[in-house]
Amino acid sequence: MKKVTGVMYSYYFLCHRKLWLFAHDINMEQESEAVFIGKLIDENTYKREDKHIMVDDLICIDYIHNGIVCEVKKSKKQKQMAINQIKYYLYILQQHGLIQMKGILTIPKERITENVELLEDDIVQIKSNLHEIDEILSLPTAPQISKKAPCRSCAYYEFCYV
């Protein structure tokens, strides 16, 4: 099974094509205005926290506060994707013996915080998702375009549609 980063895991919920392209080093993110805005939010929020905690070169946790994994997002548009990403972080940490960790999703611009826990059902689902991600990454070519609403604001839009 291939190593799955936190970004790759979140892309699985957004677009299988984007996941495949990113995993195969076709990276369009540096041109994206949405990514730029996200970086600005990251730089200008929670300045007192120790940020960008890398674990196994797989996941990059925004920060940990009082033993809680905190993930910061710019909007609630893809809230469930962000929650799944946090659960994946908790799963990876659990593999290192940190079993009782909890998470929080924070969306500063909208003043939203949501608690996230890793349950037994989540672990089963994550293992299933990892298996499916491995299958997607093993494809000889990128999956077909899925034409979802997020496509218009995606960093890969021109790659897929132009």
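The values are calculated or read from the model by the stated rules, or taken from the named source; none is laboratory data. Every value quoted in this text rests on a predicted model; they were computed, and no experiment measured them. Positions of Cβ are generated from backbone atoms using ideal geometry, with glycine treated the same way; all protein chains shown enter the neighbour counts.
Summary table below
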{"read-out": "Matching entry among Ser146, Ser75 (being in contact with a helix residue (DSSP H, G or I) (Cβ under 8 Å, 6 or more places away or on another chain), more than 26 Å from Met54 (Cβ to Cβ) and of a type in the set (S, T, N, Q))", "value": "Ser146"}
{"read-out": "When residues of the range 64-80 are limited to those that are within 14 Å of the chain's Cα centre (by Cα) and of a type outside the set (D, E, K, R), the one surrounded by the most Cβ atoms within 10 Å (Cβ to Cβ)", "value": "Val69"}
{"read-out": "Any chance Glu43 is touching a Cys at 6+ places or on another chain (Cβ under 9 Å), at pLDDT below 90 and not in a strand (DSSP E or B)", "value": "no"}
{"read-out": "Residue check for Glu132: touching a residue at least 12 places away in the same chain (Cβ under 8 Å), in contact with a Ser or Thr (Cβ under 9 Å, 6 or more places away or on another chain) and either surrounded by fewer than 11 Cβ atoms within 10 Å (Cβ to Cβ) or of a type in the set (Asp, Glu) (or both)", "value": "no"}
{"read-out": "Residue within the range 100-113 that is in contact (Cβ under 8 Å) with a residue 60 or more places away in the chain, under 22 Å from Tyr12 (Cβ atoms), aliphatic (A, V, I, L, M) and surrounded by 11 or more Cβ atoms within 10 Å (Cβ to Cβ) present", "value": "no"}
{"read-out": "Condition met for Asp57 (without any contact (Cβ under 8 Å) to a residue 60 or more places away in the chain and not in a helix (DSSP H, G or I))", "value": "yes"}
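Conditions (1) modelled with pLDDT of 90 or more; (2) of a type in the set (A, V, I, L, M, F, W, C); (3) outside any helix (DSSP H, G or I), marked per residue:
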{"residue": "Tyr88", "(1), (2), (3)": "yes, no, no"}
{"residue": "Gly103", "(1), (2), (3)": "yes, no, yes"}
{"residue": "Thr113", "(1), (2), (3)": "yes, no, yes"}
{"residue": "Ile133", "(1), (2), (3)": "yes, yes, no"}
